[in-house]
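Shown next, in structure tokens, is the structure this report addresses.
Throughout, read-outs are computed from the coordinates displayed, never taken from laboratory work. These numbers were taken from a predicted model, which means no experiment stands behind them. Because the Cβ atoms are built from the backbone with ideal geometry, glycine has one as well, and the counts that use them run over all protein chains shown.
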Amino acid sequence: MKPALTEFLFDQVGMSHRFVVRIDRGQYDLGTWTKVAGLTVNWNRLSYRAGEHTYEHVFPGNVSYQTIKLSRAACTDSATVQDWLSTTATHREALSGGIYMLDFLGLPVITWELKEFFPIGWSISDFDSTAGRPAMETLELAHNGFLASEAKAEIE
């Protein structure tokens with residue numbers, strides 16, 4: 001039996017997606033981004049071998065996260081990022097917020113709630129009017145995680 005066309009229309013696959021970054025506390029909505037890299041989590045591998053046995057026990061260790069890099073063409077939202085960076089440079093405070101993947105209709109597909117994030121880098125590409133490309137802005141964020149299971153573990 002073939003699926004109905006409506007089943008495909010409401011399946012929110014992130015094909016033509018963009019990303020919105022919002023800070024929970026504060027006045028800053030960092031706007032829409034076209035590329036997000038570094039949403040990665042890794043567990044250290046721990047192992048134990050008892051005595052002279054050849055069997056090795058393997059366990060998951062501490063969790064680590066990569067730096068998140070957001071990229072987009074420089075736009076009016078870039079001024080908001082500059083304001084946030086200026087404030088953060090003088091008032092260092094780790095904030096919480098989220099990265100929201102939106103579908104082609106602007107509806108959220110998935111959200112990554114970042115715990116205690118802060119900027120660690122910002123750059124803009126070279127300005128070259130002969131290249132026919134927009135200047136690309138990149139924002140780098142360090143954070144303490146996005147897995148929901150970690151929030152539950154902190155409460156317990």
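Restriction of the trypsin sites (Lys or Arg not before Pro) in region 32-114 to DSSP coil positions whose beta-carbon has at most 11 other beta-carbons within 10 angstrom yields ARG49, ARG92.
Cβ crowding within 10 Å ranks HIS17, HIS57, HIS91 as HIS91, HIS57, HIS17, fewest other Cβ atoms first.
Evaluated over the Cα positions of region 16-155, the convex hull gives a direction-averaged projected area, one quarter of its surface, of 13.2 nm². The H on the amide N of VAL109, modeled in the peptide plane, is under 5 Å from the matching H of MET101, LEU102, ASP103, each at least 5 residues off or on a different chain. Each Lys and Arg contributes +1 and each Asp and Glu -1, all at the Cβ; summed about the Cα centre of region 34-113, the dipole is approximately 200 debye. Of the GluC sites (Glu not before Pro) found in region 82-146, those that fall in a DSSP loop while having at most 12 other beta-carbon atoms within 10 Å are GLU93.
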